[in-house]
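Colleague: Quick one: the structure is below, and I'll ask about it shortly.
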Amino acid sequence: MANSQNDSSYKGQCLCGAIQYTVDKIESRMGHCHCSMCRKFHGAAFSTYGEARVDNFHWITGKDKLKTYTAPNGTQRQFCEHCGSSMVFFASDSTGEVIEFSLGTLDSHIEHDPDAHIYTDYKASWYDITDNLPQFPKGRE
């Protein structure tokens, strides 16, 4: 079930509100990523991303305020130029059909939960995974 002003999509934004988006449908894969780059990008023990097909993800305002960091491994992370909020992630082998977005930027309630922990070989030494979600030492493959 979606939630927003018109109940047809999910709504999200960065911390300062300069960047806003909607998502018509969130795909079932939602993961907690423990790789060192995601930890540093989010300033937390892990990052949590949801996936949407690009035709279901819509920038409402502020797309021009996105800045891109391309890591040495070819992954791209986009963030707000004003407040630094982590917005989206693109794998180096992305086909462009799916966008991974930071679930923490959603303002809407979502009905499903993350389904896995990935890159657990790189998790923060000070964080223990205590739930029963599947854990993958590298990616899901």
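The values are calculated or read from the model by the stated rules, or taken from the named source; none is laboratory data. Model, not experiment: these values are computed from the prediction. Counting neighbours? That spans all protein chains shown, and the Cβs are built from the backbone with ideal geometry, glycine included. Areas reflect the complete protein model, heavy atoms only, side chains present, ligands, DNA and RNA absent. Shrake-Rupley method; radii C 1.70, N 1.55, O 1.52, S 1.80 Å.
Colleague: Take T48 and tell me if it is of a type in the set (S, T, Y), open to solvent by 20 Å² or more (accessible area, probe 1.4 Å), in contact with a strand residue (DSSP E or B) (Cβ under 6 Å, 6 or more places away or on another chain) and within 30 Å of T130 (Cβ to Cβ). Outline the logic, then answer.
Modeller: On the way: of a type in the set (S, T, Y): yes; open to solvent by 20 Å² or more (accessible area, probe 1.4 Å): yes; in contact with a strand residue (DSSP E or B) (Cβ under 6 Å, 6 or more places away or on another chain): yes; within 30 Å of T130 (Cβ to Cβ): yes.
Criteria met by T48.
Colleague: Kindly indicate which of S85, S94 is among the hydroxyl-bearing types (S, T, Y), at pLDDT below 95 and within 15 Å of the chain's Cα centre (by Cα). Step through it out loud before you land on a result.
Modeller: On the way: S85 fails: at pLDDT below 95.
Unique residue meeting the criteria: S94.
Colleague: Taking the residues in the stretch 26-43 that are open to solvent by less than 40 Å² (accessible area, probe 1.4 Å) and within 13 Å of the chain's Cα centre (by Cα) as candidates, determine which candidate is farthest from G12 (Cα to Cα).
Modeller: Of the residues in the stretch 26-43, the ones open to solvent by less than 40 Å² (accessible area, probe 1.4 Å) are 26, 30-35, 38.
After this cut, where a residue has to be within 13 Å of the chain's Cα centre (by Cα) as well, the list is 26, 30-34, 38.
Working: I26: 12, M30: 16, G31: 18, H32: 18, C33: 20, H34: 23, C38: 20 Å.
Within the stretch 26-43, the match that is farthest from G12 (Cα to Cα) is H34.
Colleague: Would you please name the residue that is modelled with the lowest pLDDT, looking only at residues in the stretch 16-26 that are part of a loop (DSSP other than H, G, I, E, B) and touching a Gly at 6+ places or on another chain (Cβ under 7 Å)? Working first, answer last.
Modeller: The initial filter retains those residues of the stretch 16-26 that are part of a loop (DSSP other than H, G, I, E, B), namely 16-19, 24-26.
With the extra rule that they be touching a Gly at 6+ places or on another chain (Cβ under 7 Å), the set shrinks to 18-19, 26.
Working: A18: 98, I19: 98, I26: 95.
Result: I26.
Colleague: Output the residues belonging to the stretch 27-50 that are in contact (Cβ under 8 Å) with a residue 60 or more places away in the chain and part of a loop (DSSP other than H, G, I, E, B). Break it down into steps so the answer makes sense when it comes.
Modeller: Filtering the stretch 27-50 for residues in contact (Cβ under 8 Å) with a residue 60 or more places away in the chain gives 27-36, 38-39, 42, 45-46, 48, 50.
Residues satisfying the conditions are E27, S28, R29, H34, C35, A45, F46.
Colleague: Of all the residues that make up the stretch 51-72, how many are in a strand (DSSP E or B), over 16 Å from F90 (Cβ atoms) and open to solvent by 70 Å² or more (accessible area, probe 1.4 Å)?
Modeller: Filtering the stretch 51-72 for residues in a strand (DSSP E or B) gives 51-53, 57-61, 66-70.
Going one step further and asking which of them are over 16 Å from F90 (Cβ atoms), we end up with 58, 60-61.
Within this subset, residues satisfying the condition of being open to solvent by 70 Å² or more (accessible area, probe 1.4 Å) are 60.
Count: 1.
Colleague: Turning to a different aspect of this structure: Yes or no: I19 out of contact with any Cys (no Cβ under 7 Å at 6 or more places or on another chain), open to solvent by less than 30 Å² (accessible area, probe 1.4 Å) and hydrophobic (A, V, I, L, M, F, W, C)? Walk me through it before giving the result.
Modeller: Working: out of contact with any Cys (no Cβ under 7 Å at 6 or more places or on another chain): no; open to solvent by less than 30 Å² (accessible area, probe 1.4 Å): yes; hydrophobic (A, V, I, L, M, F, W, C): yes.
Here the answer is no, as I19 does not meet what is asked.
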